[in-house]
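The values are calculated or read from the model by the stated rules, or taken from the named source; none is laboratory data. Note that the coordinates shown come from a computational prediction; the quantities given were computed from them, not determined experimentally. Cβ: placed from backbone, ideal geometry, glycine included. Neighbour counts: every protein chain shown. For accessibility, only protein heavy atoms count, side chains too; no ligands or nucleic acids. Shrake-Rupley method; radii C 1.70, N 1.55, O 1.52, S 1.80 Å.
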Amino acid sequence: MSDRLSGKVALVTAAGAGIGRATALAFAKQGAKVLATDINADALTSLAAEHASITTRILDVTKTDQIETLVRETGPFDVLFNCAGFVHAGTILDTDDASWHRSFSINVDSMFHLCKAVLPGMLDRGKGSIINMSSVASSIKGVPNRFAYSTTKAAVIGLTRSIATDFVSRGVRCNAICPGTVKTPSLGERVRALGGDEEANWRSFVQRQPMGRLGEPEEIAALALYLASDESAFTTGTVHIVDGGWSN
Ligand code: NAD
């Protein structure tokens, strides 16, 4: 089956790498027209070369004016996948005001502005699916040294449920995805940032996953694809855990 998103137009943030990239490709392969956005122009160029249904545009999700211009010029959208996020490492004692505000700006304010910009077009046409990237490091599970990150990802769940409730009778669905540890370029950066023995650092991330392996971006993209498609038409306000049993 290669037409699960046939006729749909999807906007994906942070599509240059990792889960966003895998999802943009999964959407395009299933028939969607995808507007893939990121701050990394080279990554977008290489992504567009992979599928003819993917067009690209620079979008920094922390810039409200960029969001409004993009939606005005390229909307309306059937699907919005809010994937962009930033991991700050540390306890509350390691978190200064700048890190706290940066975490909220990228992880939560971005979703507030993107959802608000895209919703009117969805409501006009009485249909739409919004998918927000949360994490099991949120209100689901306490994870060491993820104070600011987990706080923002818990906020994403609240934001998701509120939108789902407010627009449940008007054709717009809103759901959240909560991955465990997924093998993406930014995870590699976090592993290297720990310093010391890189192999041992990778093992420590793998060891906290009870399946003994990390998730693959494509395994998260498969869930985003389901939530974007009409197969999930009866699903809204839900929080989907895809974590290899980590939070079980
Ligand atoms: P990532 O963190 O490596 O980011 C991918 C892309 O985000 C990059 O191409 C980068 O250029 C872009 N980006 C960075 N800042 C941006 C900004 N301000 N505006 C637009 N784009 C920006 O990718 P990932 O690890 O796949 O994470 C994607 C999402 O999944 C994040 O929200 C993250 O919190 C969440 N998540 C990841 C994991 C994991 O283990 N990787 C687990 C749970 C949740």
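First compute the accessible area of segment 128-223 with a 1.4 Å probe, then give the percent of it belonging to carbon and sulfur atoms.
Carbon and sulfur together cover 52 percent of it.
Under the rule of -39500 (n - 2.57) per DSSP H run of 4 or more residues, summed and divided by the residues of the chain, what mean residue ellipticity at 222 nm is obtained, to the nearest 500 deg cm²/dmol?
Values: 9 runs with 106 residues, N = 248.
One gets -13000 deg cm²/dmol as the mean residue ellipticity at 222 nm.
Considering only DSSP states other than H, G, I, E and B, which trypsin sites (Lys or Arg not before Pro) in segment 1-86 qualify as loop sites with at most 16 other Cβ atoms within 10 Å?
In loop regions of segment 1-86 (DSSP not H, G, I, E or B), the sparsely surrounded trypsin sites (Lys or Arg not before Pro) are LYS63.
Mind computing the radius of gyration and Dmax over the alpha-carbon atoms of segment 73-149? Å is fine for both.
Looking at segment 73-149, its Cα Rg and Dmax stand at 15.2, 47 Å.
Taking 0.36 nm per residue of separation and subtracting the Cα-Cα distance, what length does fully extending SER169 through ASP65 add?
34.5 nm
What full-extension length gain, to one decimal in nm, is calculated for HIS51 and ASP3 as 0.36 nm per residue of separation minus the Cα-Cα distance? Write down the numbers at each step before the final one.
Values: separation 48, 0.36 × 48 = 17.28 nm, distance 1.47 nm.
Separation in residues times 0.36 nm, less the Cα-Cα distance, equals 15.8 nm.
Leaving out ligands, DNA and RNA, and with a 1.4 Å probe, what % of the accessible surface on segment 42-84 is carbon or sulfur?
47 percent
So how far, in whole Å, is the C-alpha centre of segment 20-99 from the one of segment 185-230?
Rounded to whole Å, the Cα centres lie 19 Å apart.
Please calculate how many Å² of accessible area the chain carries per residue, with a 1.4 Å probe and no DNA, RNA or ligand atoms counted.
46 Å²
So, counting K/R as plus one and D/E as minus one, what does the shell of residues with Cβ under 10 Å around ILE163 add up to?
Net charge around ILE163: +2.
With the contact rule set at Cα under 8 Å and sequence spacing of 6 or more, what percent relative contact order holds for segment 136-198?
Taking the mean separation of contacting Cα pairs over the length of segment 136-198, I get 26 percent.
Let me have the relative contact order for segment 13-100, percent, based on Cα pairs under 8 Å that are six or more residues apart.
Numbers: 102 pairs, mean separation 24.2, N = 88.
Over segment 13-100, the number comes to 27 percent.
State the extension gain, in nm to one decimal, for the chain segment bounded by THR238 and ASP42, taking 0.36 nm per residue of separation less the distance between their alpha-carbons.
Difference between extended and current length: 67.1 nm.
Report in % the part of the accessible area of segment 1-40 that belongs to carbon and sulfur, leaving out ligands and nucleic acids; probe 1.4 Å. Before the final figure, lay out the partial values.
Working: 720 of 1420 Å².
For segment 1-40, the apolar C and S fraction of the accessible surface comes to 51 percent.
As an exercise, use a Förster radius of 45 Å and the Cβ-Cβ distance of LEU123 and LEU93 to find the FRET efficiency, rounded to the nearest 0.05. Mind showing how you got there, number by number?
Details: r = 44 Å, r/R0 = 0.97.
Computed FRET efficiency for LEU123 and LEU93 comes out at 0.55.
Report relative contact order for the chain in percent, whole number only (criteria: Cα-Cα under 8 Å, sequence separation at least 6).
Across the chain, relative contact order equals 20 percent.
Could you compute how fast the chain diffuses translationally, taking Rh as the Kirkwood radius over C-alpha pairs and applying Stokes-Einstein at 4 °C with viscosity 1.567 mPa s? Give it in µm² per second.
Value of D from the Cα-based Kirkwood radius: 71 µm²/s.
Using a Förster distance of 51 angstrom, determine the FRET efficiency expected from the C-beta separation of ARG203 and ARG72, and round it to 0.05. Display every interim value, and only then the final one.
Numbers: r = 48 Å, r/R0 = 0.94.
So the FRET efficiency works out to roughly 0.60.
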